[in-house]
Amino acid sequence: MNCAARYVQSDGTLGTAPFYKTGIDWGTVYVTGEEIIPGKQYVVQSELLADPTDLSDKRRATTFLWGDTDNSGITELADLICIIDGYGRLFMSPCTFERANLYPCDPQEDNLIEIGDLLAVLDAYNNYSYLGSMPDCSNPCPTPPPVPSAGGETPDETPPNPAPGIITMTATPSTIAPGGTVTIDLFVSTAGDLRGYQAGLETNGGTRGTLTRTSLEIDTEDPNFVFDGLDYITAVNTTSGRWAAALYP
Ligand SMILES: [Ca+2]
Ligand SMILES: [Ca+2]
């Protein structure tokens, strides 16, 4: 985009100063930054150190549509599966880490597939634009504000802001003997507009020995399961002790 003229830096970020390397040294570099947004065409040229006015031919690349991790042209189940698989660090072609990492504005900042990426796909599925889904992200090519509708109101495409929820945890039994186990149940309440969540469990403390996390599950059979009766997807990573669930659109 002409409005986002930048130089690719050694690590793929974008900057205002040129960075020179030989073609072989560049290899494959994933360009990242808030200037790279979905559904836009970017023009790429290389510049010679010896003569910065001697530019290469233009090459054009169009980024995928928002939430469309497999570039199929629409956001659908395959895109959700890409995120869920990515959460478990499984990437089946054409899904890749870079394609699944949609959130935050500069996805390289978290360098992680997590609930934010899942919610991004859900937003896209529900026809929210990139900036409608993530209004805090910058737009390298701002367009004029939308014209008010005939009723005089500007359409609001920002997803509803979830109400804060209350998380409670219970331990059964409340004390633990050497070699014994304790079950920790986690519940959330008063989250009126909850669409998805992620959580993690770390174990430490005690005066002797170590506390070890032995299993982790989302008990979808529990009648108190927060998405009971709704369409949802879940992901559990027992290795990292993280889990997530989100309503399916
Ligand atoms: Ca797709
Ligand atoms: Ca991410």
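Tell me, yes or no, whether the range 114-125 has at least one residue that is more than 13 Å from ligand 2 (Cβ to nearest atom), touching a residue at least 12 places away in the same chain (Cβ under 8 Å) and either surrounded by fewer than 17 Cβ atoms within 10 Å (Cβ to Cβ) or of a type in the set (A, V, I, L, M, F, W, C) (or both). Yes, some residue in the range 114-125 is more than 13 Å from ligand 2 (Cβ to nearest atom), touching a residue at least 12 places away in the same chain (Cβ under 8 Å) and either surrounded by fewer than 17 Cβ atoms within 10 Å (Cβ to Cβ) or of a type in the set (A, V, I, L, M, F, W, C) (or both). Any residue at all in the range 46-64 that's under 20 Å from the mean Cα position of the chain (by Cα) and within 12 Å of ligand 1 (Cβ to nearest atom)? For the range 46-64, residues under 20 Å from the mean Cα position of the chain (by Cα) and within 12 Å of ligand 1 (Cβ to nearest atom): present. Might you let me know whether the range 86-100 holds any residue that is near ligand 2 (Cβ under 9 Å from one of its atoms), among the polar types (S, T, N, Q), outside the structural domain of Tyr197 (by TED's automatic domain parsing) and within 18 Å of Thr32 (Cβ to Cβ)? No, every residue in the range 86-100 fails to be near ligand 2 (Cβ under 9 Å from one of its atoms), among the polar types (S, T, N, Q), outside the structural domain of Tyr197 (by TED's automatic domain parsing) and within 18 Å of Thr32 (Cβ to Cβ). Residue selection: Pro173 fails the criterion of being modelled with pLDDT of 75 or more, in the same structural domain as Leu216 (by TED's automatic domain parsing) and more than 30 Å from Asn224 (Cα to Cα). Listed by first and then second residue, the pairs with beta-carbon distance under 8 Å, at least 6 apart or on different chains, first residue in the range 85-103 and among the acidic types (Asp, Glu), second not in a helix (DSSP H, G or I), are Asp85/Phe91; Asp85/Met92; Asp85/Cys95; Glu98/Tyr30.
The values are calculated or read from the model by the stated rules, or taken from the named source; none is laboratory data. Please read all numbers here as calculations on a predicted model, not as lab measurements. For neighbour counting, all protein chains shown are included, and Cβ atoms are generated from backbone atoms with ideal geometry for every residue, glycine included.
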